[in-house]
Amino acid sequence: MIRSTASGRLCISILGALLLFLPAVAQANTAPSVSKYSSYKKEMECLARAIYFEARGEPEKGQEAVALVVLNRVKNEHYPDTVCGVVYQNDHMRNKCQFSFACDGKPDTIKEKDAYKKAERIAREVLACGEGDCDKPNLLEQSTHYHASSVKPRWAKKLKRTGQVGSHIFYYTASM
């Protein structure tokens, strides 16, 4: 269950996080004792990299919203069923992937260590916030798409706008 903590952080319960990663764990070719941990660690790293490269200059709520889009896509039948699968979908197609950093041809070098540590923390919190007192967010709970407010992609006209956080505008498809 995706929720927002009293401090405004978007989260997913531990049970929900485990359910998101069961397909990845089932497909893992590593020893069972290592696969669950390494799968979670890999998924968390993919989410942290997406947050870092897509939204590190955004306020924390904006970074959390980008993470939520990734998780919403994991749950949507039209996208891969793992975080890494969503983040790197079509990464082999220059400038035609789901998240621009994955296919822009630039090296994905983490240069701002503190910003990456923050992205890792946000990824962990969004994936497993626990059972605290949380309120469900109204606008972004269904968002599967976003773009920078400085661009106007053609696909945005076909989707329902859910809101804006920082310099990103968020949308969802009615078919979700």
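Every number in this text was worked out from the coordinates using simple rules, so none of it is lab data. Everything quoted here is computed from the prediction, not taken from an experiment. Here the Cβ is made from the backbone with ideal geometry for all residues, glycine too, and neighbour counts use every protein chain on show.
Taking a threshold of 30 Å on the Cα-Cα distance, which of the pairs Lys41/Lys160; Lys75/Lys152; Lys75/Lys118; Lys41/Lys106 fall above it? It would help to have the intermediate numbers written out before the result.
Numbers: Lys41/Lys160 33 Å; Lys75/Lys152 26 Å; Lys75/Lys118 25 Å; Lys41/Lys106 24 Å.
Violating the 30 Å Cα-Cα cut-off are Lys41/Lys160.
From the backbone phi of segment 57-64, what are the Karplus-calculated ³J(HN,Hα) couplings (6.51 cos²θ - 1.76 cosθ + 1.60, θ = phi - 60°) in whole Hz, Gly and Pro given as x?
Computed from phi, the couplings for segment 57-64 are x, 8, x, 3, 4, x, 5, 5 Hz.
If neighbour count is taken as other Cβ atoms inside 10 Å, put Phe101, Phe170, Phe53 in order from fewest to most.
Values: Phe101 16, Phe170 25, Phe53 21.
In increasing order of surrounding Cβ atoms, one gets Phe101, Phe53, Phe170.
Which ³J(HN,Hα) values in Hz, rounded to whole numbers, follow from the phi angles of segment 77-85 under the Karplus curve 6.51 cos²θ - 1.76 cosθ + 1.60, where θ = phi - 60° and Gly and Pro get x?
Listing the rounded values in order: 5, 8, 10, x, 9, 9, 4, 4, x Hz.
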